[in-house]
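Accompanying notes for the structure given below.
A short reminder: the numbers here are calculations on the coordinates, not readings from a lab. Note that this is a predicted model, so its numbers are computed, not measured. Glycine gets a Cβ as well: all are built from the backbone with ideal geometry, and neighbour counts include every protein chain shown.
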Amino acid sequence: MTTMDERVTDEVEALEAILLDDVVIKRVDGVPQAIETVVHPSTGDDADQQYVCVTLEVKLTPAYPDTSPDVILRNPRGLDDQLLSSINSQIKEKLSDCLGQPVVFELIELIRENLTESNLPSGQCAICLYGFVDGDVFIKTQCYHHFHSHCLASHLTAGERNYQEELEKLPHWQRSQTPPYQQSCPVCRSTVSCDVDALRRAPPPVESLAAPPFCLTAELKALQLQMAALLARQVAKGGVVCPGDSGPPPLTITTPAADDEAANSSPNDPQDGAKSDAFGTRNGHTSAEHSSPGSPRRPAYRGPYRGFNRRGKPGRGARGPR
Ligand SMILES: [Zn+2]
Ligand SMILES: [Zn+2]
């Protein structure tokens with residue numbers, strides 16, 4: 001017991017001394033239980049050149065290091081499944097090779113070597129869906145997601161414009177309580193802070209320049225209808241969060257604002273009109289599901305659609321009696 005403690009204590013001490021704030025040691029009653037650190041490729045001091053990373057979690061078993069710890073890789077960024085599974089099998093080998101001695105530094109080194117070799121964004125830009133090729137200007141966000149600079153500029157500009165439009169629809173008293181516009185990552189919604197003017201100076205994605213001009217085919221139109229119906233279903237079930245949403249979590253049912261209440265109750269509605277009203281029938285983008293005025297009532301809507309609408313996503317043109 002004493003021997004084991006010493007080996008573990010020495011390793012943990014060394015990790016903390018070398019990695020400083022970059023390592024988190026989880027302890028119970030002062031005894032280390034798990035070690036967690038984010039591993040980056042070696043690029044000297046140039047963090048801007050790190051395009052990939054992964055979180056390494058090492059859960060110490062009671063008899064560690066005489067038994068292997070449980071090793072988990074989480075939050076991979078810029079790594080494809082193939083590379084991840086290759087790293088995982090190298091970890092397994094390393095664990096059996098190092099049985100009986102502290103292994104965390106070895107694991108970090110092994111992962112870092114792999115990341116350094118594959119330090120390039122993989123996959124596509126989530127905004128334009130084109131890949132990253134030679135000549136593309138791209139940016140890595142603080143959350144390690146990659147976009148063409150040009151695409152991210154368009155996305156952030158549109159996001160801010162939407163925010164302003166929604167803000168202007170709010171009554172004055174509510175505007176002052178609304179948090180200011182905050183840029184967010186289009187993939188993971190983490191807060192980002194980018195210089196949009198600098199991004200905008202970047203050229204469009206190389207592959208987009210070579211692509212044939214866009215044409216709305218019958219096939220695409222059919223797909224649009226299908227997607228609109230799907231979105232309506234997701235929204236009705238509370239599965240859609242607005243971009244830049246800083247409100248309550250999506251599955252929280254909130255009390256409707258007074259003006260929404262008025263807009264949603266038709267003159268003939270009973271007192272509980274807002275609660276039992278068929279929200280979907282009033283919104284433009286659910287046109288596929290429109291019912292005629294005489295059709296029977298839909299089931300009561302219970303999700304957070306109201307909050308979604310307050311931010312104006314489906315458009316207010318279709319709202320309220322005409
Ligand atoms: Zn792009
Ligand atoms: Zn992100």
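Just to confirm my numbers, what's the Cα centroid distance between the stretch 101-132 and the stretch 1-75 in Å?
Going from one Cα centre to the other spans 18 Å.
Between Ala14 and Ile72, what's the calculated FRET efficiency when r is the beta-carbon distance and R0 is 22 Å? Round to 0.05.
0.55
Stick to the Cα atoms of the stretch 2-117, pair each with every other, and give me the Kirkwood hydrodynamic radius in Å at one decimal.
14.7 Å
So what are the ³J(HN,Hα) numbers for the stretch 178-189, from phi and the Karplus equation (6.51, -1.76, 1.60; θ = phi - 60°), rounded to whole Hz, Gly and Pro as x?
Running phi through 6.51 cos²θ - 1.76 cosθ + 1.60 with θ = phi - 60° gives 7, x, x, 4, 10, 5, 9, 5, x, 9, 10, 6 Hz.
Students often get this wrong: which residues of the stretch 126-157 have the backbone nitrogen under 16 Å from the point 7 angstrom along Cα-to-C-beta of Leu167?
Residues 156-157 qualify, since their backbone N sits under 16 Å from the label point.
What are the ³J(HN,Hα) couplings of the stretch 142-157, residue after residue, when phi is run through the Karplus curve with 6.51, -1.76, 1.60 and θ = phi - 60°? Round to Hz, x for glycine and proline.
4, 8, 6, 10, 10, 9, 4, 4, 4, 5, 5, 4, 4, 4, 5, 5
Compute the FRET efficiency between Glu6 and Ser122 as 1/(1 + (r/R0)^6), taking r as their Cβ-Cβ distance and R0 = 41 Å, and round to the nearest 0.05.
It comes to 0.45.
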